[in-house]
1. So how far, in whole Å, is the C-alpha centre of segment 206-231 from the one of segment 61-101?
2. For helix 76-89, report the angle its Cα long axis makes with the longest principal axis of the Cα atoms of the chain; keep it between 0 and 90° and round to the nearest 10°.
3. Identify the trypsin sites (Lys or Arg not before Pro) of segment 163-272 meeting these criteria: DSSP loop state and at most 10 other C-beta atoms within 10 Å of the C-beta.
4. Trypsin sites (Lys or Arg not before Pro), restricted to segment 39-103: which are DSSP loop and have at most 10 other Cβ atoms within 10 Å?
5. Given the peptides 150-158, 15-23, arrange them by the average over their residues of other C-beta atoms within 10 Å, most packed first.
6. Select from Ser251, Leu270, Val112 the residue farthest towards the positive end of the dipole of the chain; place +1 on Cβ of Lys and Arg, -1 on Cβ of Asp and Glu, and compute about the Cα centre.
7. State, in angstrom, two size descriptors of the chain derived from its alpha carbons: Rg to one decimal place and Dmax to the nearest whole number.
8. With only alpha-carbon atoms counted, please give the Rg and Dmax of segment 112-217, in Å.
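Just so it is clear, none of the values below were taken in a lab; they were calculated from the coordinates. Quick caveat, the model's predicted, so the values are computed rather than measured. Don't worry about glycine lacking a Cβ; one is built from the backbone with ideal geometry, like all the others, and counts go over all protein chains shown.
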Amino acid sequence: MAERPRILIFDSGMGGLTVARALSQQMPQADLIYAADNAAFPYGAWNESELITRIVMVLGRLIETAKPDVAVIACNTASTIALAELRAAYKLPFVGTVPAIKPAAAQTKTGVIGVLATPGTVSREYTHSLIHTFAFHCKVLLHGAPRLAEMAERKLKGHAVDPDELREEIAPVFRKREGKQTDVVVLGCTHYPLLTEDMNKVVPWSVTWIDPAPAIARRTADVVEETRLNGATDAPPSGTVILTSARGSASETLTAYASMGFPQHVVVDLPV
Ligand code: DGL
């Protein structure tokens with residue numbers, strides 16, 4: 001039987017599960033191992049240089065544990081600062097996730113696009129350069145939402161979303177400019193697609209949300225095709241989530257991971 005590619009999907013928390021979902025549709029033959037740096041969640045508020053050091057160290061441990069063929073950094077906050085360092089530090093191929101500003105600029109009819117992301121991602125040079133390169137002709141409403149990623153995690157753990165809090169978190173990307181209003185909003189954090197249904201209930205007008213997960217899954221499939229599989233046999237089975245703190249082992253957290261296709265877990269203790 002042909003070997004199955006082993007893919008490590010990494011995020012600070014549960015947001016990368018939206019990418020895992022797309023990957024399991026795109027590549028049902030792949031072994032998927034999910035890793036969450038829950039000891040350090042949320043990444044959105046971290047200082048840049050400390051976060052780069054943390055991500056490179058954590059990925060080192062995760063690669064040793066999961067022995068993946070390819071690693072998907074399913075986190076905009078991490079990808080926009082640490083991809084180059086990760087590629088320099090480790091030999092395997094990395095697929096990153098950065099705000100989908102290019103497709104948003106191609107899809108907008110009004111010329112007004114919103115970008116919802118973490119405070120970290122909106123402050124990155126990388127994000128500003130995507131805007132200058134691909135959306136220079138658009139009005140871009142860039143908003144660093146302080147609580148949205150945590151709201152998404154609470155929802156996945158079975159708690160109700162507070163509509164007023166949600167409305168307040170997304171309000172800055174809904175503006176009118178010379179009579180034109182936002183028509184496309186980039187979900188620039190992998191947690192946010194978990195909240196699209198809830199957001200649709202509180203938006204002042206309807207918009208197209210851009211979830212980058214299907215594009216990342218297609219890119220990963222291409223990368224896997226070009227990659228020689230390492231054939232390691234001593235790795236956790238497909239459907240395992242690796243946590244960096246046992247604090248994430250509370251039953252509602254494990255139930256949330258299981259509901260998204262990751263019923264087993266292991267803890268690699270990496271305190272902050
Ligand atoms: N899911 C992450 C992202 O795509 C960030 C969440 C966080 O840790 O703040 O940016």
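1. That distance is 13 Å.
2. 40 degrees
3. On the way: sites: Arg167, Arg175, Lys176, Arg177, Lys180, Lys201, Arg218, Arg219, Arg228, Arg247; in loops: Arg175, Arg228.
Those satisfying the criteria are Arg228.
4. On the way: sites: Arg54, Arg61, Arg87, Lys91; in loops: Lys91.
Here the trypsin sites (Lys or Arg not before Pro) that fit, given the DSSP loop and packing criteria, are Lys91.
5. 15-23, 150-158
6. Val112
7. My reading of the Cα-based Rg and Dmax gives 18.1, 61 Å.
8. According to the Cα coordinates of segment 112-217, Rg and Dmax are 13.6, 41 Å.
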